[in-house]
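We did not get these values from a lab; they are worked out from the coordinates using the rules stated. What you are looking at is a predicted structure, and each value in this text was computed from that prediction instead of being measured. Please note: Cβ atoms are built from the backbone with ideal geometry, for glycine as well, and neighbour counts cover all protein chains shown.
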Amino acid sequence: MKYRADISGLRALAVLPVVFFHFNEHWLPGGFVGVDIFFVISGYLITSILVADIDAGRFSLLRFYDRRVRRIIPAYATVALVTALIGLFILPPVLLDSFGASLRAASVFFANRYFLSVTHYFGAAPDELFLLHTWSLSVEEQFYLAWPLLLVVLCHPRLRRALPYILLVLMALSLFVATRNAILRPVAGFYNSNGRFWELLLGAVIALGYVPRLREGWRAEAVAGTGLALILGAVLFFDPTRMIFPGVTALVPTLGAALLLWAGEEGRSTLTGRLLSFGPLAGIGLISYSLYLWHWPVIAIHRYLTYRVPGLFEALALFAAMVAISAFSWRFIENPFRRHGPSTTRSEWKSVGAGAAMLALLVAIGTLFTATDGLPVRASAAFLKSEQTVNTFWRGREACLVGRTNDRERDCRFGDPRPEAPYFVLWGDSQGDQHGPALDAVARDMGMGLLQLTRPGCAPIAPDPAASGWQSRAVQDCNASRAEALKRIVDDPKIAFVVISGRWSNETSLERAGAVWCGGPSWGRMMPSAAAAGRSPMRRGRRWRPRCVPWRRTGAMWRCLPRARCSAMRRPAIPARATCRSITMAAISMWKARSSSPGRGKTR
């Protein structure tokens, strides 16, 4: 297939938003759509090559996988090996164990299913998953396991007329699955390959010529300009927290990519195509695969070690390093493996065998990490002892946090069990749930009951009156949960006071924490109702003095988190406490100050 510089530019338009979205999602809120653009480009290019080979009578499944091996595996294996080596030095046992599992899954192109299985409220944070981005490679390779054979069958003269209709049905089914999952099961909608196949098939439709022919002129210019506008609109204005994605909304960037591919076919020149062919942009496109592979480990490891999102200048420096590494990878790893002498059956078998050996080595490394539980011999005894608490769970968590109960009154009531006893409420998200055991003990000492009203990822603030049906099911359910909790607090006279605890950074940055703690918009809507009902909200702080908190971020598994560092991370929010008039602030150490003396446990 003849090289098209505009496609290289389109690749750059896909990878750059992804990179900067991962640096800071507020810079390019819709940058995540770059992956969807990649799928369309991939479907177009691979289908073009397949159809050309099929029509010329030279198609070979072995040759196809030889090309895929040389294109995908050398660069991936390099990134995976380097990342595994770094992980060996900086990841604690529990995370090296999970890294090994992800390495094993990614190396058999099953990463999307693996990350689907471990993505839940108590799963690892994204910056602890150094191979998270490989889910998209797995989606592609799962598609290409079946697509070449299916295309060979459908290109048979007797079936070729039915090919466009079959493609239309397959695309419609995949888009339906994607939309349904995005509404009902957002995580499954994101990772499941069957909800992404329609994007690859959209590129295939353009490659197969099932679109009207364009001539150079205003029509081609309009098509290309519309495509670019759709992509830029999605990148700039899509918001993953306020919309259903992927699904029908993914039609915006994917149709944009398809229009650009269509407008540039047969050597047509458009103003948009010339912009995409601009040297630096096309250059980024050439290294886009390596850049995609390297960008996430660099960002994730940086965030893991520093425990913060990089600033603008720091991000630009990291980006420059990524580009340099990716250019090196493209020049000395990608190209040498892609461009070898004339293909023979023997050389193709050798290539496929070498690729399989590379992947087998990576699987073996991953298995070593998991079989040894993350090589705990690397860590100190104190560190290993502290990590044992990771698997300790509060008995109310399953029922009262993740919501696996049909009877909250029965399963989420703790403290004094007497029905006539007054009680107080713990309202919050998972960071409220973690106080359950201590508050249960305090409630028993006080002769009071405790009702836990918690929901994952749903900070205890007033419902959002601007919520709409276009938001994800999780956002809508959170809003309904807030309304239900607030109504219960206001209506029940037996509630003596309310303990409120949440991750306030979900609602605002640390610098603005004071506004949230002391009367931000959500609290302004909520406080009058609570005050009128005579409820005294007590907002929980995050202060504790344990003997050892593992400082994972430095990779120093033989020492603990310095108390000064912990205080420094909290310091910007502390002055806001002085301005709080209507809320009692409490430190976690209060709950831990229990003793056998009845009076000591009644502090509120």
Q. Fewest to most neighbouring Cβ within 10 Å: what's the order for 33, 69, 211?
A. 211, 69, 33
(Q) Based only on other Cβ atoms within 10 Å, what is the fewest-to-most ordering of 215, 242? (A) 215, 242
Q: At 0.36 nm per residue, minus the direct Cα-Cα distance, what do residue 155 and residue 488 gain on full extension? Give it in nm, one decimal, please.
A: 113.6 nm
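Residue separation times 0.36 nm, minus the C-alpha to C-alpha distance between residue 331 and residue 211: what's the value?
Full-extension gain reported as 39.6 nm.
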Q: Hey, for a label at residue 162 modelled as a point 7 Å past Cα toward Cβ, could you say which residues of the range 129-145 have their backbone N under 20 Å away?
A: none
**Q.** In nm, spacing of pseudo-spin labels at residue 86 and residue 184 (7 Å Cα→C-beta vector)
**A.** 4.0
Q: Find the centroid of the Cα atoms in the range 407-460 and in the range 144-189, then give the distance between the two in whole Å.
A: 49
Q.
What aspartates and glutamates does residue 494 reach when the alpha-carbon gap must be under 16 Å and sequence neighbours fewer than 8 apart in one chain are set aside?
A. 409, 416, 420
Q: Determine the gain in length on full extension of the stretch residue 271-residue 237; use 0.36 nm per residue of separation and subtract their C-alpha separation, reporting nm with one decimal.
A: 9.8 nm
